[in-house]
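Student: Starting off with a structure, shown below.
Where a number appears in this text, it was derived from the coordinates with a stated rule and is not lab data. Everything numeric in this text was worked out from a predicted model, so none of it was measured. A quick note on method: Cβ atoms are made from the backbone with ideal geometry, for glycine too, and the neighbour counts reach across all protein chains shown.
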Amino acid sequence: MLAQALAIARRDIRSIWLSAFGVGCGAGFLALSGVLLVVDLRADQARLDGWFSPLFVIEALLASLFSVRSFAEEERTGSLEILMTMPLGPWRLVAGKILGAGGALVIALATTVVCPLMVALVANPDPGPILTGYTGLVLAGLAFVSVGVVVSAATDSFLVAATGSSAVLLALWFGGVLAGGLSGRLRTVLTYLSPSSHVTGFLRGTLSLEDAVYFLSLALLGVLGTRLVLEARR
């Protein structure tokens, strides 16, 4: 099962990064990361928590674009029907698609390592928040990709899939901001459901089991949701 899922993942990673679409998205992500670094360093402090924080939001948008190709693009080109008829099994297909988009996202994240390395050349930043920051980005990226794959599986339109997944992720993210003006149980629920409530520890250099479980649970829900959507579309 794992070998087949990894084969699909490798195929999707190559498909993304050997295309103008993937290279353009990756270059744009790296460029925005550089701009954010310049803005953050204007405070004359060798701290990168202010750099990592908006990077999570941009990562969510990039995850939406990468995950669109998982099913919506496959269906548009007619290759999804071939995949669905192969003796893979739905769970292998879903796992492979999520790992593929997630792997492509990790490659994009890896290119941004040049930013903290540049800071290390002229200052002495604390490595703890950098390591936990990237750990948080990887966990959040897996969750974001899983949500995007669900939306991608529900439509054959590239534009609808990209817009829909971006809207869902941004709504979840800014739900935590909205919760600040509420009270009671609704505030508690919105705060917990928002990824913005679970990145603070990573930014401060700490690893929380609760935050890790949140992102892994969101990824698992994405896997289950994608499986159900594909079953409903059969």
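Student: Once the Cα gyration tensor of the chain is found, what semi-axes does its equivalent ellipsoid get, as square roots of 5 times the eigenvalues, in whole Å, sorted largest first?
Tutor: Working from the Cα gyration tensor, I get semi-axes of 31, 22, 15 Å.
Student: I would also like to ask the following. What is the sum of charges, Lys and Arg at +1 and Asp and Glu at -1, for the other residues whose Cβ falls under 10 Å from the Cβ of Gly96?
Tutor: +3
Student: Roughly how tilted is helix 90-111, in degrees to the nearest 10 and between 0 and 90, from the longest Cα axis of the chain?
Tutor: In the chain, helix 90-111 runs at an angle near 30 degrees to the longest axis.
Student: Can you give the angle from 0 to 90° between the axis of helix 49-77 and the longest principal axis of the chain, with both taken from C-alpha atoms, to the nearest 10?
Tutor: Tilt relative to the chain: about 10 degrees.
Student: Compute the relative contact order of segment 2-233 as a whole-number percentage, counting only Cα pairs closer than 8 Å that sit 6 or more residues apart in sequence.
Tutor: So the answer I get is 27 percent.
Student: Lys/Arg Cβ at +1, Asp/Glu Cβ at -1, dipole of the chain taken about the Cα centre: which of Gly22, Ala72, Leu182 is farthest positive-ward?
Tutor: Result: Ala72.
Student: Calculate the dipole size of the chain relative to its Cα centre from +1 charges on Lys and Arg beta carbons and -1 charges on Asp and Glu beta carbons; express the result in debye to the nearest 20.
Tutor: Taking the Cα centre of the chain as origin, the dipole is about 320 debye.
Student: Now for a separate question. Taking only Cα atoms, what is the 0 to 90° angle, nearest 10, from helix 184-193's long axis to the longest principal axis of the chain?
Tutor: Value to nearest ten degrees: 70.
Student: What does the charge count around Asp40 come to, taking other residues whose C-beta lies under 10 Å from its C-beta (Lys +1, Arg +1, Asp -1, Glu -1)?
Tutor: Combined, the nearby Lys, Arg, Asp and Glu give +1.
Student: Which one of Gly100, Leu228, Ser166 is farthest out on the positive end of the charge dipole of the chain, using unit charges on Cβ (Lys, Arg +1; Asp, Glu -1) and the Cα centre as origin?
Tutor: Result: Leu228, furthest along the dipole toward the positive end.
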